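Reading through the structure tokens given below for one structure.
The values are calculated or read from the model by the stated rules, or taken from the named source; none is laboratory data. None of these values were measured; they are calculated from a predicted model. For neighbour counting, all protein chains shown are included, and Cβ atoms are generated from backbone atoms with ideal geometry for every residue, glycine included. Quick note on the areas: whole protein, heavy atoms, side chains included, nothing else; ligands and nucleic acids left out. Shrake-Rupley method; radii C 1.70, N 1.55, O 1.52, S 1.80 Å.
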Amino acid sequence: MRTQFIKKSAFPRMASTIIALVTIAGLSGCAGSPEVANSSSSVNTVGMDASWAESYDNLTDLKAHSALAVEGSFARIIDESKIKTVPITDFEFTVDEVIHDPAGTLKEGTRITVRQTGGSVDGVLHQISDDPLFKISENAVLFLKEPEPGLFYVIGGPSGRFEVINGRVTPFDAEGTKFEGTLEDFAAAVKGS
């Protein structure tokens, strides 16, 4: 996968690009939906498809195009709303480890707001097929940008998102950056990239 870049750094333009490219893929029942605060164990789900304006397949590019890389977990949903007609969800993310922060703006224990495309609308869960909504208590490493003070989004959609399970880091996106190892190994790889 090759890396593509957008020089427009404003979040509204990025959101507009995603909004323009999001299409409704289908409606189906889903018993295994994300454990978001408002969802029950059996909700209707609408899958959306997106064409990512930014996509990364190596740590060097992820690091170069992000403001931050952090490890932590999702604590709760702060808000669900819409940009035009596309649902968005703001999550509270607790930072357990700061992996990359050249500006020195974050400390461990900081709670930040991470915005993701998708959410519940009238009892129906809308989410991007290859970047499903974060789960409450999910542990992750995220490469982030801050389009406005206090609001972050994951760069490159699923390619800027890594799962942390039992202390081991794996890419969320199988086509993104290849890595498998401990959180300590991952942090060292990011610092060395």
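Here are the numbers:
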| read-out | value |
| --- | --- |
| Loop-resident sites, the range 61-98, for trypsin sites (Lys or Arg not before Pro), counting at most 12 other Cβ within 10 Å (DSSP) | LYS84 |
| Sum of side-chain charges, LEU183 neighbourhood, beta-carbon under 10 Å (Lys, Arg +1; Asp, Glu -1) | -4 |
| Accessible surface, per residue, of the range 54-124 when the full set of protein chains is kept, probe 1.4 Å, Å² | 43 |
| Net charge dipole size for the range 41-193 [Lys, Arg +1 and Asp, Glu -1 on Cβ; Debye, nearest 20] | 220 |
| Surface share of carbon and sulfur [accessible, 1.4 angstrom probe, percent] for the range 83-127 | 46 |
| Length-normalised contact order for the range 56-193 - Cα pairs under 8 Å, 6+ apart - percent | 26 |
| Charge context of ARG161, other residues only, Cβ under 9 angstrom, K/R +1, D/E -1 | -3 |
| Residue-count net charge about GLY109 - beta-carbon cut-off 15 Å; Lys, Arg +1, Asp, Glu -1 | -4 |
